[in-house]
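Structure first, commentary second.
The values are calculated or read from the model by the stated rules, or taken from the named source; none is laboratory data. These numbers were taken from a predicted model, which means no experiment stands behind them. Cβ placement follows ideal geometry from the backbone for every residue including glycine, while neighbour counts extend to all protein chains displayed. Ligands, DNA and RNA are stripped out before the accessible areas are found, and what is left, the full protein with its side chains, is counted by its heavy atoms. Shrake-Rupley method; radii C 1.70, N 1.55, O 1.52, S 1.80 Å.
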Amino acid sequence: GNWTTVSLRGLTSLERLGHPDRSSVWCVDLDRLALDLPAEPAEFDAEERERARRFATEELRRRFVAAHLIQRRLLG
């Protein structure tokens with residue numbers, strides 16, 4: 001089928017066109033996306049903030065934050 005690609009600031013959406021059941025596939029560049037996100041997003045509860053703080057490196061912490069935040073926003 002026909003697919004269209006939309007890219008924006010670390011997110012890429014592949015959307016299937018002309019099909020009764022619309023499908024989307026999201027690809028996320030966590031490193032790029034993490035640059036624009038707060039260290040502790042307001043959407044995170046205390047448990048998520050604590051999990052993020054326990055990562056051994058800043059890079060891993062930022063990826064965790066990016067992955068969890070984008071998942072929440074895409075599904076919401």
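What number of residues in the range 12-52 are at pLDDT 85 or above and surrounded by fewer than 11 Cβ atoms within 10 Å (Cβ to Cβ)? Of the residues in the range 12-52, 5 are at pLDDT 85 or above and surrounded by fewer than 11 Cβ atoms within 10 Å (Cβ to Cβ). Of all residues in the range 66-75, none are open to solvent by 80 Å² or more (accessible area, probe 1.4 Å) and in contact with a helix residue (DSSP H, G or I) (Cβ under 8 Å, 6 or more places away or on another chain).
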